[in-house]
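One structure below.
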Amino acid sequence: MDLLQKKGPLSVVNFTQPWNSKFNNFSTFYDSYSNCMILFRDGFFVIWDMYDKQNGLGENAFTLNLATTYKKVYGACVHPEKNCLSLQVSDNALVILFLKENQAEEIKLTFAKARIIHAFSFLFGDDYNYFVATNISIDLYRIKIDSLKAKLVKNIVINQTEPIFYYEPTASVVVVVDNKGQCSPYFLNLYEQKQHKGKTFQIDISQPASQEGQQTQDARASLRASNRLSFTERAFGLFKKTELKFSLAGNPYNQNLNHLVYKNQLLGQETQSAQSQDPNSSMMSSQTATSHGGVRRQQHQILLTTMYHRVILMHYNPNTSQVQAYELDINQTFKNNGHIQIYQSSLSGKDLIQMQTIDNLLVIHNMDTRATQIYDLKLEDWNIPLLSEDVKIEYGLVNKGKYLSDMLQKEETRYQEYQNQAQSSQQQNQSQNDNLTGQRKESDDIDQQNPVDLLASTAEDNQFQNNLDARYSQENHSSVTTESNSQQIQENSDTIKIEDSDEAQKRRDILSQPEENKEAREFDIYDDGVIFVDPMILIDTKNYSCLTLRLHLERFAKTCHNEGRMMLSLLCRSRNKQVFLKYLRLLTIQQKLGLNQLSQVFIRINSIYKQASIERQTFKRKYQSSQGAQGRIVSENYLHQGSYIELLIIQLQRMSRLRANTSFIAKSLNNLLLEYHPTNRVLSGEVIVFQNEILEIFKDLISHSSCPLSADLIPPKELVPLETDKILKPRFVMSIFLEFLRSLIDNQIPQQPSQQNLLMHYILATRDFANLQNLLQFRVLTENADLARLLVQLGSKDSKEQKKCYYQPAFQIGLDMLKKVRAYDDIVIALLNEGQVLRALNFAVDYNVHSMKMLTFNQTIEQLRKEGKNKQAEIVMKRIMEVRKLDEAKQRSEREYKPILVEEE
């Protein structure tokens, strides 16, 4: 079954190559910075990169077999160049491995005063590339792989109680959340400034009024039933405010996913046993606790990600079922107006919600109702879902060879072909404009493992479980201070040999063994064994696969319930120009977009165009391709140099996770992204739509109207089929023209001559002189010689006598416009054609219009005499003689003088 036949806009694709059941006993990690899957067991590492056949990445796994073993590994991350590994081997100790040809240099970092290490990862920084977050500080390191050194650059002390850490590796932003819901953002790339710590803000941890009232009643009932309390204690207890229970779900960044699954199973069993002993608990609550994510559904969730080069924190409150968005900034945090209301499937239980970011869109999965919805934070009404309510996201069999990189490559190829056609069409239109204006210039399956291996009763496993509980528990402890709890780091180094024995070869042979179900695999993202890793990764433990979701623009456009919001959202997607113009043309002709919606789309298109013109003057780009950095890029910062780091930057750009002009990322990386930014988009990601592309849509509108233009102005072509036989009214077409003109004026963008020429011919075809008068009176139309000649012809006597399109005031308006553009010869010709010979002669003398043929004036005199106007003929003849005498006098005094009247040769 081909998944592309499904109706949903999202489809499941492989991110890395899948593994097999031989890795059941391996620990599984995912590094969100380097986009790598890490499988580990007894010193043997298997690292899978994001599969990219075009760049030769991820086709074969990187393997490493160390002579030493680590009993327990809580977390792991890897440098993109695969020459440095970092492992968390205890609650407060890290190991950094520098890999060489046949050995590995080990540096052990022990944080003596820290209780636990919450997060660590490689990052993009100007003078650092690694950070460690403990319960008392955030440490920045500069790891020099060539010299095998890890130097502490900055120690940032934190004072949060029971902190939980979230970080965005592409923007180097860390958010610390305490046990009261207070969030403190840290911008690591600004550590030298006082503003490196943003302002603390409070997320909503409130409960519905019904739950708070029930807790108050239960507390009062327990106080009345107690006989040990005094009367005073009982009185104060009645007015005591009930404390809110705040439990926050952590993130699986770089952590051992097997341990997380195992811990959630244990917590689920504890919740089930507690509810079974409570007689007031309902059957539905017991069922939801035993299902997948039974503990997580009761916890608050936070998604820290980047959208449209802005750092966004999404917060889900399970008590109120609301999702709120916060934009992190250096000076203050902006909370978006409104919130997303998640409707629960049952009144007695809470649905399990998962949040992701796909192509800068917020994707929310309801794991219980098996439904998915999409939101766009770029829209003003961002909290309204984009998809129709009756659309279900379906998932089915996915072939092994369906990878995200392959889909991106196909989209880029089609998009490049479209761009080439658009450029050729743009050159043709530009030549027409020049002619018109000649005067202007994964994780394992725990359920299938042996229970004896999971529940071993040895002292070592018990100690591991105690450490695990200590790591994730939220005990009350006092806040730390800078002086008494400053970080003490003990650094020990050692050399480890890399094994190359028969046992190591057997381990490597696992990768070459035949894979199970290699034809196709069936994925269900709502299944228990799927682990979500922020911001876009899915790890299926049953199918041994690392997955992600891909947005299909065609199906996205078909499943949105509001066409206007769909067009505004489609304008911001990757490789979207062809689809955007297609649906703008189709929906406009079929009148599915109202004038208000079209006005919003036009304003957005022209504001993007204006933004692009400002960026062209501000930033210089080295890479002049419409596809962005597809070739090799070179960074001046040695911390960002290397073939794999270059490919990583390219991958993050292709997936819209890394964009330029983000004030929080490293300056060297930001400058690099500015230099290699694609020229067909603005820095915020929107595509640039040109006027000649909108012109083609206007031509189709005119062709479908009741007054189509001739084939000379609009070449015949295949028209868009309409749902009905209704023909577009000229008033509707004219309104769309005027809305686009208004958006151009608002953004101070001049109208292209070809578009104005088309508008004028359509006004003449429909004889809409009222709109013509308004456009001319308020100077909406660009004044040029072509428009002036057209107006002169519109108000001429010939048009009136031949019963053509005639509008008398247009003649004088055309003459005034010709005078402004200094087309004096055309004025004289127009006056002569109207029979105003004296006026033409006087104008020629005043403005030095020379080389007029006497034959024209002689014919005019003869015509006057035939009509019996001899007196007028004599007056014209007398004026001609005066002009000729003037020419003779000036020719004698001025050598280079050109006479006004000349004889025909």
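The values are calculated or read from the model by the stated rules, or taken from the named source; none is laboratory data. On a predicted model such as this, the values are computed, not experimentally measured, just so you know. For neighbour counting, all protein chains shown are included, and Cβ atoms are generated from backbone atoms with ideal geometry for every residue, glycine included. All accessible areas refer to the heavy atoms of the entire protein, side chains included, with ligands and DNA or RNA removed. Shrake-Rupley method; radii C 1.70, N 1.55, O 1.52, S 1.80 Å.
In this simple spin-label model, placing a label point 7 Å from the Cα along the Cα-to-Cβ direction at both D746 and R892 gives a separation of 6.7 nm. For segment 839-904, relative contact order (Cα pairs under 8 Å, six or more residues apart, normalised by length) works out to 49 percent. With 0.36 nm allotted per residue and the present C-alpha distance subtracted, the T110-D146 stretch has 10.7 nm of extension available. Using only the Cα atoms of segment 732-841, build the gyration tensor, take square roots of its eigenvalues as a ≥ b ≥ c, and label the shape rounded, prolate or oblate: rounded if a/c is under 1.5, else prolate if a/b is larger than b/c, else oblate. Taking the square roots of the gyration eigenvalues as a ≥ b ≥ c, segment 732-841 is oblate. Among the protein heavy atoms of segment 783-822, carbon and sulfur supply 46% of the accessible surface, probe 1.4 Å, non-protein parts ignored.
Over the Cα atoms of segment 839-904, the radius of gyration divided by the Kirkwood radius equals 1.01; this is the Rg/Rh ratio. Using a 7 Å offset from Cα along Cα-Cβ at Q617, what residues in segment 665-680 end up with backbone N under 20 Å from the label point? Flagged as within label range: 675, 679-680.
With the cut-off at under 17 Å, measuring from each backbone N in segment 829-846 to a point 7 Å along the Cα-to-Cβ line of V902 picks out 829, 844-845.
Can you tell me how segment 783-822 classifies by the Cα gyration tensor, rounded, prolate or oblate, using a/c under 1.5 as the rounded cut? Prolate, since a/c reaches 1.5 and a/b exceeds b/c. In this rough spin-label picture, where each label sits 7 Å from Cα along the Cβ direction, the F334-D381 distance is 2.1 nm. Our Cα-only numbers for segment 572-621 put the radius of gyration and Dmax at 13.6, 41 Å.
Measuring between alpha carbons in the structure, the pairs from K71/K542; K819/K871; K610/K726; K726/K797 lying more than 29 angstrom apart are K819/K871; K610/K726; K726/K797.
Determine the alpha carbon to alpha carbon distance for each of K335/K378; K804/K869; K113/K197; K410/K592; K53/K82; K72/K151 and list only those over 20 Å. In this structure, K804/K869; K113/K197; K410/K592; K72/K151 lie more than 20 Å apart at Cα.
Descending by average beta-carbon neighbour count within 10 Å, the peptides 780-787, 355-362, 85-92 line up as 355-362, 85-92, 780-787, the highest first.
Computed extension length for S607-K866: 87.1 nm, one decimal, from 0.36 nm per residue of separation with the Cα-Cα distance subtracted. Quick one: if the Förster radius is 60 Å, what FRET efficiency do N83 and Q344 give, using the C-beta to C-beta distance and rounding to 0.05? Working from the Cβ atoms, E equals 0.75.
In this structure segment 783-822 gives 57 Å² per residue of accessible area when probed at 1.4 Å with all protein chains present. Working from label points 7 Å from Cα in the Cα-to-Cβ sense, the C707 to R767 distance is 0.9 nm.
Compute the accessible area per residue over segment 839-904, keeping the other protein chains in place, probe 1.4 Å, unit Å².
Value returned for segment 839-904: 72 Å² of accessible area per residue.
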